[in-house]
Amino acid sequence: MNVPPSISSALSRREFVSRASALAAFSLAFWTGGCEGCLEQIENRPTRKNIANLSATDPVVVTYKAAVAAMKALPASNPISWQAQANIHNNKCPHGCWFFLPWHRAYLLYFERICRKITGDASFALPYWNWTTSPSIPAHFWGGSSNPLWDGTRQVTASDQADPSLVGAATIDNILSIPNFEGFASYKPAGGLPTHLGSGYGMLEATPHNGIHSWISGDMGTFQSPLDPIFWMHHNMLDCLWVDWNINLNHANTNDSSWANYVINDFVDENGNPTSIEVIATVLLPYFTYQFEPCSPNETTGKKSLRGAQLKKFLQTGAPSTLTFGPAHGASGEVSVPAGKPVRLTIPLEASGVQSVLGSDERNRLVLTLGDVDIPDSREFFLRVFVNKSDASANTPTTDPHFAGSFAVFADPKGMPGMTGDHRPKFLVDITSTVQRLNRDGGFPQGQIDLTLIAVPYQHHRTQEIPDEVVKIQSVSVATARF
Ligand code: C2O
């Protein structure tokens, strides 16, 4: 992504600094030296690279290893120690709500600065793990306890591969095509403030995010997941996809001021001092302070990027993101999905609902909402959804045209600080492209829709006995939505 020369004129220094004071604090150098200097710094901002292309002797890998080793050597009482950084996540991380992306972006930013400081490598940029193109945990992260990047609690091996329905190109493409912030990046939390488990998961969080955590399992399956050095590479990939969605594809974040103005006070800087950063500042970070090597499956096609002043305004303004649903049609009563066994539901649907998503308006979508999902104790499986395929099973390939989407659950927040009682988030699956495809391939029968839900064990659990668990879903409904 190149910064256009027009950016210097597009930025009123005073306006920008006042909107993003926290951002200005750590990019002060951009603003103090006059704009020739700032433009050059923006253009030469560090590039976060795909770790699959880096050899063991690449300075990025060498520095990351050294940083992790140095942080692990510090006592937990030191705020920049490995354990203290993981504790921040354990105590504060927002999930299942729309603070998920900005919070983790800022978390990575300060972590990257700690890595620089502790190694003295000022040019370090955090690499990312592109699980779409490299679905196994990269080789740098294996080799036993002598390697600081190894984590002995992982339940997968170096050759295991994440399921393509969670991380593959078709899945990621489909998620990036969701133009609505809540659908993409999770819902506004009920009380407006971040919680461990908010009201609902958007598809980026539910599918590749939760899926990678629970597939790797061990530390990664818990809120102490940053103890596994792969955590930071995983979240950096999600950050890269948010950049692609927001800055390259110009899908707007929410314009809700309770999101934009929320101040995150949970992190420490590279000297261990407390920091604070507004959510709106995190939106601008990848435009001014770092950039990515391309990470998304559609990186070379279909970009409609805004530039300069228009882009800056777009990023700062956002758009309404509340999902408006048409009449919902549901299955009655609780639905129980036992691990490994398909469950079939028939849901009545007006012809007009299907018709509306067959037109050319990409904002008309057909959405499946699974409400009040009980997070099962065992998270050794994820859910797949097929449309109008009554014989779908755990073995039906996800290349089948009837496949609609997968999602996964992540750590159970019961017993977490601030969490009491049961927490049952909702999940949404955008089934629009499946319905469009089935309609193209022979017509989509009107009047009803058949859904098959399958709790599919992760690959490394398939040879073992499938846990005797049931996912309980209090409500299943299909509705048209205006994204
Ligand atoms: Cu806050 Cu992927 O975890």
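Mind running the shape call on segment 144-288? Use the C-alpha gyration tensor, a ≥ b ≥ c as the square roots of the eigenvalues: rounded below 1.5 for a/c, prolate if a/b tops b/c, oblate otherwise.
Values: a/c = 1.81, a/b = 1.26, b/c = 1.44.
In terms of gyration-tensor shape, oblate.
Pick out, in residue order, every one of the trypsin sites (Lys or Arg not before Pro) in segment 309-389 that is DSSP loop and has at most 10 other C-beta atoms within 10 Å; say none if there are none. Can you show the working numbers first?
Working: sites: 312, 313, 344, 363, 365, 379, 384, 389; in loops: 363, 379, 389.
Here the trypsin sites (Lys or Arg not before Pro) that fit, given the DSSP loop and packing criteria, are 363.
Return the carbon/sulfur percentage of the accessible area of the chain, one whole number, probe 1.4 Å, all protein chains in place. Intermediate results must be reported in sequence, preceding the final value.
Details: 8950 of 17890 Å².
Carbon with sulfur: 50 percent of the solvent-accessible area.
Please give the peptides 439-447, 236-244, 150-158, 252-260 ranked by average Cβ packing (other Cβ atoms within 10 Å per residue), highest first, as a rough proxy for protection. Don't skip to the end; give the middle numbers.
On the way: 439-447: 12.1, 236-244: 24.4, 150-158: 15.4, 252-260: 18.3.
Sorting 439-447, 236-244, 150-158, 252-260 by mean packing, highest first, produces 236-244, 252-260, 150-158, 439-447.
Output the relative contact order of the chain, whole-number percent, from Cα pairs under 8 angstrom with separation of 6+ residues.
Numbers: 960 pairs, mean separation 93.6, N = 483.
Answer for the chain is 19 percent.
With a 1.4 Å probe and all protein chains left in place, how much accessible area per residue does the chain have, in Å²?
So the chain comes to 37 Å² accessible per residue, rounded to a whole number.
Under 1.5 on a/c is rounded, so check that first for segment 145-198, then, if it is not, pick prolate when a/b is larger than b/c and oblate when it is not; a ≥ b ≥ c are the square roots of the alpha carbon gyration tensor eigenvalues. Write down the numbers at each step before the final one.
Numbers: a/c = 3.63, a/b = 1.49, b/c = 2.43.
Since a/c reaches 1.5 but b/c is at least a/b, the shape of segment 145-198 is classed as oblate.
Report, for the chain, the % of DSSP beta bridges that are antiparallel, rounded to 5.
Working: 43 of 50 bridges.
DSSP beta bridges in the chain are roughly 85 percent antiparallel.
Decide, for segment 183-233, between rounded, prolate and oblate: order the square roots of the alpha carbon gyration tensor eigenvalues as a ≥ b ≥ c, take rounded if a/c falls under 1.5, and otherwise choose prolate if a/b is larger than b/c, else oblate. Walk me through the numbers on the way to the answer.
Values: a/c = 2.64, a/b = 1.73, b/c = 1.53.
Here segment 183-233 falls in the prolate category.
As a check on your grasp of the helix formula, calculate [θ] at 222 nm for the chain: sum -39500 (n - 2.57) over DSSP H runs of n ≥ 4, divide by the residue count, round to the nearest 500. List each step's numbers first, then the result.
Working: 18 runs with 157 residues, N = 483.
Helix contribution divided over all residues of the chain: -9000 deg cm²/dmol.
Once the Cα atoms of segment 238-281 are picked out, what are the Rg and Dmax in Å?
So, for segment 238-281, Rg and Dmax equal 13.2, 36 Å respectively.
How large is log10 I(q)/I(0) at q = 0.06, 0.08, 0.10, 0.13 Å⁻¹ when the Debye formula is applied to the Cα atoms of the chain, each weighted equally and without solvent?
-0.26, -0.47, -0.74, -1.26
At most 12 other Cβ atoms within 10 Å plus a DSSP loop assignment makes a site exposed; report the longest stretch of the chain without any exposed GluC sites (Glu not before Pro). Could you put the intermediate results ahead of the total?
Numbers: sites that count: 334, 362, 465.
Longest gap between qualifying sites, sites excluded: 1-333.
Could you calculate the FRET efficiency of residue 307 with residue 147 from 1/(1 + (r/R0)^6), where r is the beta carbon distance between them and R0 is 41 Å, rounded to 0.05?
Details: r = 43 Å, r/R0 = 1.05.
The computed FRET efficiency comes out at 0.40.
The values are calculated or read from the model by the stated rules, or taken from the named source; none is laboratory data. Fair warning: this is a prediction, and the values are worked out from it, not measured in the lab. Backbone-built Cβ (ideal geometry, glycine too); neighbour counts: all protein chains shown. Heads up: the accessible areas ignore ligands, DNA and RNA and are worked out on the full protein's heavy atoms, side chains in. Shrake-Rupley method; radii C 1.70, N 1.55, O 1.52, S 1.80 Å.
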